[in-house]
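Here's the structure, in structure tokens; my notes come after.
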Amino acid sequence: MDYQVLTPQQAEQFVERGYVVIRGCFTRAAAEEYTSTIWTRLGYVPDDPATWSEPSVHMPSHREIDIRQFAPKAWGAVCDLVGGAQRIHPYLWNDAFIVNLWQGADRPWQPASPASPDWHKDGDFFRHFLDSPEQGLLTLVLWSDVRHQGGATFVAADSVGPVARFLAEHPEGVRPEPASFPWHELVKQCSDFMEAIGEVGDVYLLHPFILHAKAQNVLRVPRFITNPPVHLIEPMRFDRPDPSEFSLVERAVLRGLGVDRYTFTPSGPREKLVPHRVALQRSMKRAERDRLAAVFEHPE
């Protein structure tokens, strides 16, 4: 199969390990336009860690970014993974930065393992099915350099299979709360762990079933990423008449299930959810706007 961006090796890696890294999708100068106001928005002083009151912050968004223009290589790779642009809802990035300043810096470094805290599958805004279109891919966009032990994302690269099998066993759908979705039990079936390090402009494209966790930042070097999901126009299909029409995302699910094709019919209603973070980020956004206005409308 011909791909716009991916090499055959990268395509196979995605099917086998659930992720691929696209290096150098945008420049440091391009990143600066969007990251230059982070400290003002946070209300922290960048060279005074004593002001960094929270170890990590999930910031709200103020601006949208057209990935096709800003990072065309990342856009092409997304299309390669999901089976073409025609299968994707309008896909934009934004400046909802996930800032890791000193998460876990109060304890010695521990590499990724099933014992690492906070393993999860993204998607707190919908009921999960094997074919859910709400999250066709998970994207990790690196807006700062991310070093070993510097607050990267831990990835369980062999978690697609356990998650796929769990969802296949629950056609009624699963709510995203830990009480319903046993992330920590599923990650115990995994042994292939990776730390998503890289440089500004690198983009990790992960299978939506990948379990991941926030790593410790014992270096206390600020780490900025975003994780915009890719929304599919239609649910995934695992029984397409022409096997060549399977996307790489669908192929990875079939590999995890150990079959060549699979007919899935949800037995419960698809459900959109409003997570608690929405109200929290709405409040955060108002406070950020006030700080930005104070600096840029009334500079000293």
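Only one of these is within 19 Å of the chain's Cα centre (by Cα) and of a type outside the set (Val, Ile, Thr): Gly43, Gly18. Name it.
Exactly one residue qualifies, and that residue is Gly18.
Just give me the residues in the stretch 219-272 being under 24 Å from Pro171 (Cβ atoms), surrounded by 15 or more Cβ atoms within 10 Å (Cβ to Cβ) and hydrophobic (A, V, I, L, M, F, W, C), in sequence order.
Within the stretch 219-272, Val230, Leu232, Met236, Phe238, Phe246, Leu248, Val249, Ala252, Val253, Leu254, Leu257, Phe264 qualify.
Results for (1) buried (at least 17 other Cβ atoms within 10 Å of the Cβ); (2) at pLDDT 95 or above, shown as yes or no for each residue.
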position	(1), (2)
Met1	no, no
Leu6	yes, yes
Ala11	yes, yes
Arg23	no, yes
Ala30	no, yes
Gly43	no, yes
Pro55	yes, yes
Pro60	yes, yes
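Restricting to the stretch 43-92, count the residues that are touching an Asp or Glu at 6+ places or on another chain (Cβ under 6 Å) and more than 20 Å from Ser144 (Cβ to Cβ).
So the answer is 1.
I'm trying to understand the selection: among the residues of the stretch 165-185, which are without any contact (Cβ under 8 Å) to a residue 60 or more places away in the chain and of a type outside the set (Ser, Thr, Tyr)?
Passing the criteria: Phe166, Leu167, Glu169, His170, Val174, Glu177, Pro178, Ala179, Pro182, Glu185.
Of the residues that sit in the stretch 215-268 and are part of a loop (DSSP other than H, G, I, E, B) and among the charged types (D, E, K, R), which one is farthest from Gly150 (Cα to Cα)?
Going residue by residue through the stretch 215-268, those that are part of a loop (DSSP other than H, G, I, E, B) are 215-216, 218-222, 227-228, 231, 233-242, 246-247, 258-268.
Keeping just the survivors that are among the charged types (D, E, K, R) gives 220, 234, 237, 239-240, 242, 260-261.
Working: Arg220: 7, Glu234: 37, Arg237: 38, Asp239: 42, Arg240: 43, Asp242: 44, Asp260: 40, Arg261: 41 Å.
Filtering first and then ranking leaves Asp242.
The values are calculated or read from the model by the stated rules, or taken from the named source; none is laboratory data. Bear in mind that the values here come from a model prediction, so they are computed numbers and not experimental data. Don't worry about glycine lacking a Cβ; one is built from the backbone with ideal geometry, like all the others, and counts go over all protein chains shown.
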